[in-house]
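To start, the structure under review is shown below, and the notes come after it.
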Amino acid sequence: MIQPINRDQAILSTKSVDATPMDLQIVTDLLDTLKAHQEECVGMAANMIGQTKRIIVVQMGIMPVAMINPKITKKIGPSPKSEGCLSLDGQRTVTRYHSITVKYLDQQFKPHTQQFTDFIAQIIQHEVDHCDGVLICTFSL
């Protein structure tokens, strides 16, 4: 079900807890909400719909991919990037890494470890920051 976008900074700044199989409805809601906002959004975290669970969805080409309990285990090549967020007004410059390795669970709770680069890596970093209660702000290298 499409959910409203949360703009409450208290919820957005709260560190999310690990998701369990009982949280699969949140995955469905995130995928539906991402699709509804596909013109202006390429990724979402559960706290953007008011749920403090470690769940993100990322648009990878034509396929949205859900990542449950994502953890970035390796980062290579920092550089400044400009980002926006549906939950915040405006654009901000942040430090993102060109290449990352992520451990996560899929919707069947099967574990994966995968490397991502460029724009997909940037989206994942943004959404994992949401899971950690970190809002985009200006960073320096």
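A few comments on the model shown:
- Remark: pairs (first residue in the stretch 44-56, more than 16 Å from LEU24 (Cβ to Cβ); second residue at pLDDT below 95 and small (Gly, Ala, Ser); Cβ separation under 8 Å; 6+ apart in sequence or on different chains) = ASN47/GLY133; MET48/SER87.
- Among the residues making up the stretch 69-110, those that are within 15 Å of ASP129 (Cα to Cα), of a type in the set (A, V, I, L, M) and part of a strand (DSSP E or B) are ILE72, LEU88, VAL94, ILE100, VAL102.
- Residue within the stretch 30-53 that is under 17 Å from VAL134 (Cα atoms), in contact with a strand residue (DSSP E or B) (Cβ under 6 Å, 6 or more places away or on another chain) and basic (Lys, Arg) present: no
- Only one of VAL65, VAL102, VAL57 that is touching a Pro at 6+ places or on another chain (Cβ under 6 Å) and closer than 19 Å to ILE2 by Cα: VAL57
- Whenever a residue of the stretch 120-133 is touching a residue at least 40 places away in the same chain (Cβ under 8 Å) and over 11 Å from GLY43 (Cα atoms), its partners that are surrounded by fewer than 24 Cβ atoms within 10 Å (Cβ to Cβ) and charged (D, E, K, R), lying with C-beta atoms within less than 7 angstrom and at least six residues away or across chains, give the pairs ASP132/LYS15; GLY133/LYS15.
- In the stretch 19-42, the residues that are at pLDDT 95 or above, in a loop (DSSP other than H, G, I, E, B), loosely packed, with under 13 Cβ neighbours inside 10 Å and not polar (S, T, N, Q): none
- Residue match in the stretch 36-52 (condition: over 16 Å from ILE5 (Cα atoms) and out of contact with any Ser or Thr (no Cβ under 6 Å at 6 or more places or on another chain)): no
The values are calculated or read from the model by the stated rules, or taken from the named source; none is laboratory data. All figures in this text were calculated on a predicted structure; none of them were measured in a lab. Every residue, glycine as well, gets a Cβ built from its backbone with ideal geometry; the counts of neighbours run over all protein chains shown.
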